[in-house]
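Below is one structure, written out as structure tokens; the observations come after it.
The values are calculated or read from the model by the stated rules, or taken from the named source; none is laboratory data. Predicted model, so just to flag it, every value in this text is computed and none were measured. Note that each Cβ is placed from the backbone with ideal geometry, even for glycine, and that neighbours are counted across all protein chains shown.
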């Protein structure tokens, strides 16, 4: 187990370090060159939600064109829809059961 004093010191040091780095990075400067003629220029882009490779900004949904990524994205969307339905159906069933129990005992 970490000593409480050591932990408190680490937290203070990290907070102080974060404050110092924030002062250096104020403004809109990101450190990246804005000119495409520079060797370290990075064009504006997004990343595929599945495999994380760079893709164009205009892609919607933001996945690359590979078949495996398309299948994985569709599976994730189906699973997300199921969870959203479950989020509303499960409490409704519990409330309905409670209401039926209260009506049956009255």
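Could you check the stretch 45-70 and list, in sequence order, the residues that are in contact with a strand residue (DSSP E or B) (Cβ under 8 Å, 6 or more places away or on another chain) and part of a loop (DSSP other than H, G, I, E, B)? Across the stretch 45-70, the qualifying residues are 45, 48, 53, 56, 57, 59, 62, 63, 64. Given the criteria in a helix (DSSP H, G or I) and in contact (Cβ under 8 Å) with a residue 24 or more places away in the chain, does residue 88 qualify? No, not satisfied. Under the condition of being within 26 Å of residue 42 (Cα to Cα) and exposed (fewer than 10 other Cβ atoms within 10 Å of the Cβ), the residues counted in the stretch 53-87 number 3. Among the residues here, residue 102 does not qualify as exposed (fewer than 10 other Cβ atoms within 10 Å of the Cβ) and at pLDDT below 80.
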